[in-house]
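Read through the structure below, which is laid out as structure tokens, and then see the notes.
The values are calculated or read from the model by the stated rules, or taken from the named source; none is laboratory data. Quantities reported herein were computed from a predicted structural model and do not represent experimental measurements. Cβ atoms come from the backbone with ideal geometry, glycine included; neighbour counts cover every protein chain shown. These accessible areas exclude ligands, DNA and RNA; they are computed on the full protein's heavy atoms, side chains included. Shrake-Rupley method; radii C 1.70, N 1.55, O 1.52, S 1.80 Å.
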Amino acid sequence: QVHLVESGGDLVQAGGSLRLSCIASGSIFSIGTMGWYRQAPGKERELVATITRGLSTNYADSVKGRFTISRDNAKNTVYLQMNSQKPEDTALYYCHARLAITTSIYWGQGTQVTVSS
């Protein structure tokens, strides 16, 4: 079992920055890829960015060049630095972890990011 707790969501003006954090606990040595997804009202949950245990990253086209995902394996924490934010970045942001062996998936409870125009 893995427990994920996100933090850092807030209200920010367009062009501003926020950093989200997600701390993992439980069977942390089993975790492979971690990432961030988001879900806006009336829309499906979508991938934002992922990072492997070896620190390889992948980004949605909509956030490339603006968002940076990073990971501190010693602290069991994954971060999402969001710069040059746009109103369309407004969503509930979820932390995601996938176990390396079983491929079981875990989600955090979500943290709200609201970008005002």
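Rounded to the nearest 5, what is the percent of antiparallel bridges among the DSSP beta bridges in the chain? Walk me through the numbers before you get to the answer.
Values: 39 of 42 bridges.
DSSP beta bridges in the chain are roughly 95 percent antiparallel.
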Excluding ligands, DNA and RNA, what is the solvent-accessible area per residue of the stretch 1-100 at a probe of 1.4 Å, expressed in Å²?
51 Å²
With θ set to phi - 60°, apply the Karplus curve 6.51 cos²θ - 1.76 cosθ + 1.60 along the stretch 106-115 and write out the HN-Hα couplings as whole Hz, x wherever there is a Gly or Pro.
10, 10, x, 7, x, 9, 7, 10, 10, 10
Checking the stretch 1-69 for GluC sites (Glu not before Pro) in a loop per DSSP with at most 14 other beta-carbon atoms within 10 Å yields E44
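Which value, in debye to the nearest 20, describes the size of the charge dipole of the stretch 17-67 about its Cα centre when Lys and Arg Cβ atoms bear +1, Asp and Glu Cβ atoms bear -1, and nothing else is charged? Can you show the working numbers first?
Working: 7 positive and 3 negative charges, 26 e Å.
So the dipole magnitude of the stretch 17-67 works out to roughly 120 debye.
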